[in-house]
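Q: One structure is given below, represented as structure tokens, and several questions about it will come after.
We did not get these values from a lab; they are worked out from the coordinates using the rules stated. A quick note: this is a predicted structure, and the numbers were derived from the prediction, not measured. Glycine also receives a Cβ, built like all others from the backbone with ideal geometry; neighbour counts cover every protein chain displayed.
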Amino acid sequence: MLEIRDLVKHYQVGDGEPIRALDGASLSIAAGEFVALYGPSGSGKSTLIDLIAGFQSPDRGVVLVDGSDIAQLSEPEHAEYLLKVIGIVGQPGDLLPGALARENAALKLLRTDPRHATRLIEPLLVALGLGERMTHPTNRLSMGERQRVMIAQALATQPKLLLADEPTGNLDTARGREVLGLLRDLCRERNTTVLLATHDPQAVSFADRAHELRDGRVRAHCPGEVDLHVRDALAQS
């Protein structure tokens with residue numbers, strides 16, 4: 001479903017050395033898999049998500065989604081890709097604060113079936129535990145509820161691939177586990193492929209398999225090494 005081959009993306013900032021966000025990253029994910037990509041903040045996870053989404057182009061390498069080279073899509077093809085092929089779980093701050101939860105969740109459906117968008121999104125909101133909150137303004141929802149609205153928005157058009165970039169970054173441990181469990185269960189029911197980018201060690205346990213992004217490359221996940229990084233971070237806080 002998703003194949004990343006030798007992906008390179010460097011950024012030049014001022015006169016200093018280039019930032020090597022990705023430096024030969026490769027990863028393959030089969031249809032229906034839930035894969036976690038663990039790495040500390042600044043390790044290149046968001047850059048990788050942007051490249052898969054087609055928001056940036058790589059310096060070298062290729063991103064294939066369902067056999068299509070994302071960097072080669074035309075503008076109309078890219079718009080269709082974002083609407084129907086992939087879903088992106090963003091941050092709660094991306095929601096329209098004055099709109100109802102149901103309206104925010106249905107934003108993608110408004111482009112494909114505007115007459116029935118809000119009705120079509122309701123079963124998904126119920127499945128996410130928002131049945132009694134869907135007609136509440138977004139700014140009256142908790143952070144965990146807002147994150148579930150983001151998941152509903154991303155899954156509304158039944159995409160083949162879901163990209164989740166730090167979906168628990170603003171949540172406490174209990175709410176984070178709740179959101180991850182809902183995300184995993186819904187995607188299994190729909191056979192949706194998931195790439196979860198996270199610096200949260202607990203998120204890794206929800207995935208079918210996990211990798212790490214360090215020094216611009218994807219490598220095997222080492223739980224003991226993750227624990228060591230967490231311990232060091234806590235010691236410095």
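Q: For E145, work out the one condition from (1) in contact with a helix residue (DSSP H, G or I) (Cβ under 7 Å, 6 or more places away or on another chain); (2) surrounded by 15 or more Cβ atoms within 10 Å (Cβ to Cβ); (3) farther than 30 Å from L64 by Cα it doesn't fulfil.
A: Unmet condition: (1).
Q: Could you pull out the residue among A25, A36, A21, A30 that is under 22 Å from A220 (Cβ atoms), surrounded by fewer than 16 Cβ atoms within 10 Å (Cβ to Cβ) and aliphatic (A, V, I, L, M)?
A: A30
Q: Got a sec? Which of P76, P92, P123, P97 is out of contact with any Lys or Arg (no Cβ under 7 Å at 6 or more places or on another chain) and within 20 Å of N170 (Cα to Cα)?
A: That would be P97, the only listed residue that is out of contact with any Lys or Arg (no Cβ under 7 Å at 6 or more places or on another chain) and within 20 Å of N170 (Cα to Cα).
Q: If I filter region 128-142 for residues that are aliphatic (A, V, I, L, M), surrounded by 14 or more Cβ atoms within 10 Å (Cβ to Cβ), part of a loop (DSSP other than H, G, I, E, B) and in contact with a Pro (Cβ under 9 Å, 6 or more places away or on another chain), do I get at least one hit?
A: Yes - at least one qualifying residue is present in region 128-142.
Q: Still on this structure: Hey, which of the helices (runs of 4 or more DSSP H) in region 34-124, taking only ones fully inside, have at least 2 residues that are in contact (Cβ under 8 Å) with a residue 12 or more places away in the chain and under 18 Å from G24 (Cα atoms)?
A: Fully inside region 34-124 and qualifying: 45-53.
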